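None of the figures in this text is laboratory data; all of them are computed from the coordinates on show. Keep in mind it's a predicted model, so treat the numbers as computed, not measured. Cβ atoms come from the backbone with ideal geometry, glycine included; neighbour counts cover every protein chain shown.
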Amino acid sequence: MRIVLLGAPGSGKGTQAKQLVDHYGVVQISTGDLLRAAVASGSELGKAAKAAMDAGQLVSDDIVLGMIKERLSQPDTQRGYILDGFPRNLTQAEALDVLLDGMNQSLQAAISLEVPFDDLMHRLTDRQTCSSCGAIFNRTTHPSAVPDVCDACGGTLVQRADDNAATVRHRLNVFEAQTAPLIAYYENQGKLARIDGTRPIAEITEKFHDVLAGLN
Ligand code: AMP
């Protein structure tokens, strides 16, 4: 399996990717997670990325493409991967096609998880992420059984630094301007599938299985 998950911040990409990883034994490659790990480690790459991330802007293509190239060269990607949060603009999408071509691979599908813009604002500002295992909750739509405690591993739930109202608004605008055009890009390649991201989580996962069953 070699797929891209397209969707605005808060559309549920990360939640669905984690379900698919468990089910199919493939890896999730989230450039946001890789960048947050780099920031937390205090590396030079992390320092270079932090200001853009805090402002809700895209990190430079050079940094992100370097990270993806390195990650796709690792052996655990052999069984397949789900790209989550990458590509984020046309330059990245074109560079990905070139990179995969050089590896004698190609993407099988780009799956667009679609949620109306107004819903995303609420979802993101109410979102909580487990600081230990990365599981995602939402105070309103998908709360943990015990407030601020992860159902999966007992870890502490935290709010991401960029899930505050001002930064969220900016991230959604960046998505509209830079990432939404990728829907047409993959449609032109005959690789696009659309899924309604407003349905319950389990129902969306079923739709993913339907789409993935149709891939060769
Ligand atoms: P995410 O977790 O996917 O919402 O990403 C969080 C932040 O990391 C974004 O707001 C960007 O600043 C940065 N980021 C993640 N993926 C990319 C990417 N493919 N290109 C540029 N910046 C990215």
Between Gly197, Gly25, Gly12, find the one with the highest GNM mean-square fluctuation for the chain; connect C-alpha pairs within less than 10 Å. Gly25
Across region 154-162, in residue order, what do the Karplus-derived ³J(HN,Hα) couplings come to in whole Hz, using 6.51 cos²θ - 1.76 cosθ + 1.60 with θ = phi - 60° and x for Gly and Pro? x, x, 7, 8, 10, 9, 5, 4, 9
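Below 8 Å, C-alpha to C-alpha, sequence gap of six or more: please give me the relative contact order for region 1-74 in percent.
After rounding, I find 18 percent.
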Karplus-derived 3J(HN,Hα) from phi for region 100-112 (6.51 cos²θ - 1.76 cosθ + 1.60, θ = phi - 60°), whole Hz, x at Gly and Pro, runs 5, 4, x, 9, 6, 10, 8, 5, 8, 7, 10, 10, 9
Quick check for me: using +1 on Lys/Arg Cβ and -1 on Asp/Glu Cβ, what's the dipole size of the chain about its Cα centre, in debye to the nearest 20? 200 debye
Once you put a point 7 Å from the Cα of Asp210 and another 7 Å from the Cα of Ser41, both along the Cβ direction, what distance in nm separates them? 4.1 nm
In whole Å, what are the Cα extents of region 73-214 along the three principal axes, biggest one first? 47, 33, 28
Expected output is a single nm value to one decimal: the length gained when fully extending between Thr198 and Asp62, i.e. 0.36 nm times separation in residues minus the C-alpha distance. What is it? 45.6 nm
What's the FRET efficiency of Gln105 with Val149 using the Cβ-Cβ distance as r and R₀ = 41 Å, to the nearest 0.05? 0.50
How high is the relative contact order of the chain, given as a whole-number percent (alpha carbon pairs under 8 Å, six or more residues apart)? 29 percent
